[in-house]
Amino acid sequence: MDDLADEITATFSEDPRFSAAEIGKNNEKIIVHWHGEIDSALRKMVKRHPKVPVIYHQTAHLPGDLRSAADTLMDSVPEVTGVAVNFDGSGIEVSIGQAAGASRLEVVERFIETTVDFPVEVTHEDEALAAADRGFDEYHLGGGLLHDYVAGYSFHSCTAGFAVEKDGVDGMMFAAHCGPESMQWIISDRVNNPGVAQYYGKTILRNTSYDGAIISSTYSYPYVHVGGVRSTTISPISGQAYANPGDRVCYSGAFTGTRCDSIVQNTYRRIALSGQPDLQDVRVFETVSADGNAAAGNGDSGGPVYTIRNDGTRTAVGIISAMPMTATAEACATTATPGGAGRLCSATVYAGAVSSIAIQTGWNVKVR
């Protein structure tokens, strides 16, 4: 299914009639968002995959026109801080920085309303998320650093995975082995403000079959940190899928940073986690770093694993779970955080499948 979606996107991404190849919830079908008569080449492509359910959704507007309008606003209106085209072709989203001032905001809004012939959702927000530091992640994004909190003390750290939601409630998916249910989590800027901490949430659900868990949260956003351990760069998550053998995936651990050179080797592996009595039969997929350098290490557990599709969008596929017993402190030399003091790293990493955790828990990855 992922292969067909990738093929459709790669072939028609520049076609003005094409908006997106959406992977349906629980990967039950592909929804091709298209405007007008379906191209014969697209139909032939779909016929080559008879076992993949595909439906076509007619968009309300020509996607190419929506993209052009969004690009024009972003490039020509200084007050516009962000734009997005709804993947279903229903319209565009425009963010206007509040620093422009109230009177100027009204002028810009009127300009947008009178010059854009499509539905536009305007929000007033600056690019605040871009300043989110993964070491003190107040926005609750994937790849942020978490510290447990027990009776006033913090004993170990993990990494947040993906923003999720269920019945209108926000949460964060990460690893079950990070702690038991009811474990409380905080964020603490131990580099710039060692005495500052904020409550993050608590573990409300664990799935031991795939080493997945859910942290309750009053809010979370569908973005992941990319870059180093103090990076302020983020990217949106636009889908949820299964990893396939040969896929190239990225890891974004709070201690290692982002690594995008791992190849999926095996999608059905069962492992027993050392020192975790209730995690002795965990189903994971296995990846190996193509350059032989470490992809993750201690402290990265729970972090996001994602693929970058041909159109540059990121799709959630896994949660960092474990490493083989051959992991070493020396392997951490190629990461942002040195080995030692209990930190080991490895080029081989095991991850729980996001889609399987979502099915088991009922919490689905939020997308942008």
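No lab work stands behind these numbers, since they all come straight from the coordinates. Quick caveat, the model's predicted, so the values are computed rather than measured. Because the Cβ atoms are built from the backbone with ideal geometry, glycine has one as well, and the counts that use them run over all protein chains shown.
Amide hydrogen proximity for residue 212: with H placed 1.01 Å from N in the peptide plane, the residues at 5 or more positions away or on another chain lying under 5 Å are 176, 207.
Computed from the Cβ-Cβ distance with R0 of 45 Å, the FRET efficiency linking residue 272 to residue 51 stands at 0.85.
Most exposed first by the Cβ proxy, i.e. fewest other Cβ within 10 Å, how do 44, 51 rank?
Numbers: 44 9, 51 6.
Least to most surrounded, the residues fall as 51, 44.
Extent along the principal axes, Cα only, for segment 221-368: 38, 35, 27 Å, with the longest axis given first. At each listed q (0.14, 0.28 Å⁻¹), what is the log10 of I(q)/I(0) that the Debye formula gives for segment 10-60 modelled as equal alpha-carbon point scatterers? Log10 of I(q)/I(0), two decimals: -0.33, -1.26.
Sorting 137, 15 by the number of Cβ atoms found within 10 Å of their own Cβ, with the fewest placed first, yields 15, 137. The alpha carbon radius of gyration of segment 296-352, expressed as a multiple of 2.2 N^0.38 Å, is 1.24.
Projecting the Cα atoms of 252, 234, 328 onto the charge dipole of segment 221-368 (Cβ charges, centred on the Cα centre) puts 234 farthest toward the positive pole. Residues whose amide H falls under 5 Å from that of residue 336, counting only those 5 or more places apart or on a different chain, are absent, with hydrogens built in the peptide plane.
Given R₀ = 45 Å, FRET efficiency for residue 196-residue 10 by Cβ-Cβ distance, to 0.05?
Numbers: r = 46 Å, r/R0 = 1.01.
That pair, residue 196 with residue 10, gives E of 0.50.
When the P(r) is computed for the chain, the part past 38 Å accounts for 21% of the Cα-Cα pairs. Rounded to the nearest Hz, the phi-derived 3J(HN,Hα) couplings of segment 287-300 under the Karplus curve 6.51 cos²θ - 1.76 cosθ + 1.60 (θ = phi - 60°) are 10, 10, 5, 5, 8, x, 7, 4, 9, 6, x, 4, x, 8, where x marks glycine and proline. Of the residues 213, 265, 172, the one whose Cα sits farthest towards the positive end of the charge dipole of the chain is 265 (charges of +1 on Lys and Arg Cβ, -1 on Asp and Glu Cβ, taken about the Cα centre). The phi-based Karplus calculation (6.51 cos²θ - 1.76 cosθ + 1.60; θ = phi - 60°) puts the 3J(HN,Hα) values of segment 350-361 at 10, 9, x, 6, 4, 4, 5, 4, 4, 5, 5, 9 Hz, whole numbers, x for Gly and Pro. Nearest 10 degrees, 0 to 90: what angle lies between the long axis of helix 102-115 and the longest principal axis of the chain (Cα atoms)? It works out to around 60 degrees.
Once you've got the Cα coordinates, tell me which of 47/366; 47/166; 29/202; 166/202 are over 25 Å apart.
Details: 47/366 31 Å; 47/166 35 Å; 29/202 34 Å; 166/202 16 Å.
Correct reply: 47/366; 47/166; 29/202.
The angle separating the long axis of helix 2-12 from the principal Cα axis of greatest extent in the chain is about 30 degrees. A simple count of charges around residue 283, restricted to other residues whose Cβ falls under 13 Å of its Cβ and scoring Lys, Arg +1 and Asp, Glu -1, yields -1. Ordered by the number of other Cβ atoms lying within 10 Å of each residue's own Cβ, fewest first, 45, 325, 173 fall into the sequence 325, 45, 173.
Given axes a ≥ b ≥ c from the Cα gyration tensor, I'd like to know whether segment 205-248 is rounded (a/c under 1.5), prolate (a/b larger than b/c) or oblate. Oblate is the answer for segment 205-248, as a/c is 1.5 or above yet b/c matches or exceeds a/b.
The magnitude of the dipole of the chain, with charges of +1 and -1 set on the Cβ of Lys/Arg and Asp/Glu and taken from the Cα centre, is near 1160 debye.
Given segment 1-87, what whole percent of its Cα pairs are spread farther than 15 Å?
Values: 2250 of 3741 pairs.
Value for segment 1-87: 60 percent of Cα pairs lie more than 15 Å apart.
Each label point was placed 7 Å from the Cα along the Cα-to-Cβ direction; for residue 291 and residue 114 their separation is 5.3 nm.
Over all directions, the average projected area of the alpha-carbon convex hull for segment 248-311 comes to how many nm²? Could the numbers behind the result be given before it?
Numbers: hull surface 20.3 nm².
Averaging across all directions leaves 5.1 nm² for the Cα convex hull.
Distance from the alpha carbon centroid of segment 1-55 to that of segment 329-368 works out to 31 angstrom. For segment 131-282, the alpha-carbon coordinates run over 44, 35, 33 Å along the three principal axes, in decreasing order.
Counting only other residues whose beta carbon sits under 14 Å from that of residue 353, what net charge do I get with K and R as +1, D and E as -1? Walk me through the numbers on the way to the answer.
Values: positive: 269, 270, 283; negative: 2, 211, 247, 286.
Result for the local shell: -1.
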